[in-house]
């Protein structure tokens, strides 16, 4: 099936299994584009509760002026609450969006496969390998990853991830469906963290490493804001959840992944925060306290957990270290073929990760900074902070090219 991207002609039936925050956003995005669909929980009651939460979310969006009341009513009418079962049989696409737990996802995907025998099957996982999740399926050729970003109803980026056995026709149809929903697809290779999660983890974890070294939380957050971020990395960890990030690190270890995918820079600090009862904003706070009637402030107990050093680096040094950590991982992804276009890397970093649009994206920043200057900065950072910054022979060779990233520019790979 290859539906038109035109809203007038976009009328597939899309099932979303998992009526949590992400699932509701995905259901809204497709319904807003004209697709009818099903919102499924573990049973009928959970499904109805999910649709009720969607109705409440839409009401809040109307109250804030983000959505027209008539559009809200029309959108809600397109979403049918139903437990996993016969209601999914007529779907063209079914997206699993349950918690980031391999065992749970495998169980849910096996049920969806039987309930929707003719649909494209997708997981909204943010980093579990699609090839690994596909092992539970009888027909992995119709399965792929569709990684939406939060809030899914507003964030335009979707990573499209083909597994080792995903059929080309399935990828092509999924790309059409994503475009039809008004999203920007970026095709990435299967692997731990795909592109966006992997690159963002490098950025977040570098911030945690700096805090563990004694650099003040305020300095780290201010540097990120000065780099063009709307929110600092430690506040972002609180928002996404200290518990979730720690769980991702531990899942990677349990899966036997290479140490670099197990977030070794951040895991000890995240574990210490969890032990102190600081699991993130929704549970009261993490790195920060989040009062309901005032601005967030660093948690007073943080200084005992992460003592502040008397000697503090210059703001520019903190800014460069954050940018270099993110850019180095993005270039590593390009080198390894996780993402095949510098243009796609920049698009993903701006639309999905909040990187400064003024810089043109994460690799655009490297070009503006200057490749040779960037290599020199990486050499210095590797000497002072560790091998993770070291330029590879591939990167040194790329930096020596007159056209730099020209070989990876001007390619439309999301087709």
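The values are calculated or read from the model by the stated rules, or taken from the named source; none is laboratory data. All figures in this text were calculated on a predicted structure; none of them were measured in a lab. With ideal geometry, Cβ positions are generated from the backbone for all residues, glycine too; neighbour counts draw on all protein chains shown.
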Here is a check on your reading of the model: is residue 271 touching a helix residue (DSSP H, G or I) at 6+ places or on another chain (Cβ under 8 Å), at pLDDT 95 or above and either surrounded by 15 or more Cβ atoms within 10 Å (Cβ to Cβ) or in a loop (DSSP other than H, G, I, E, B) (or both)? no
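Can you tell which of 159, 218, 153 is on the phi < 0 side of the Ramachandran plot, touching a residue at least 60 places away in the same chain (Cβ under 8 Å), surrounded by 21 or more Cβ atoms within 10 Å (Cβ to Cβ) and touching a strand residue (DSSP E or B) at 6+ places or on another chain (Cβ under 9 Å)?
159
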Pick from 358, 399, 330: which is buried (at least 22 other Cβ atoms within 10 Å of the Cβ) and either in contact with a helix residue (DSSP H, G or I) (Cβ under 6 Å, 6 or more places away or on another chain) or outside any loop (DSSP other than H, G, I, E, B) (or both)? 330
Show the residue pairs that are 6+ apart or on different chains and have beta-carbon atoms under 6 Å apart, the first residue being within the stretch 392-415 and more than 14 Å from residue 366 (Cα to Cα) and not assigned by TED's automatic domain parsing to the domain that holds residue 367, the second being surrounded by 13 or more Cβ atoms within 10 Å (Cβ to Cβ) and modelled with pLDDT under 90. 413/340
Could you run through the stretch 333-344 and say how many residues are surrounded by 24 or more Cβ atoms within 10 Å (Cβ to Cβ) and more than 17 Å from residue 192 (Cβ to Cβ)? 2
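If the requirement is being farther than 23 Å from residue 322 by Cα and in contact with a helix residue (DSSP H, G or I) (Cβ under 7 Å, 6 or more places away or on another chain), which of these qualifies: 292, 219, 279?
279
Okay, residues lined up against (1) in contact with a helix residue (DSSP H, G or I) (Cβ under 8 Å, 6 or more places away or on another chain); (2) over 27 Å from residue 354 (Cα atoms); (3) in contact (Cβ under 8 Å) with a residue 40 or more places away in the chain; (4) in the same structural domain as residue 51 (by TED's automatic domain parsing):
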position	(1), (2), (3), (4)
84	yes, yes, yes, yes
89	yes, yes, no, yes
102	yes, yes, yes, yes
121	yes, yes, no, yes
130	no, no, yes, yes
145	yes, no, yes, yes
176	no, no, yes, yes
181	yes, no, yes, yes
Spans of helices (runs of 4 or more DSSP H) in the stretch 12-84 with at least 1 residues closer than 25 Å to residue 100 by Cα: 21-32, 44-63
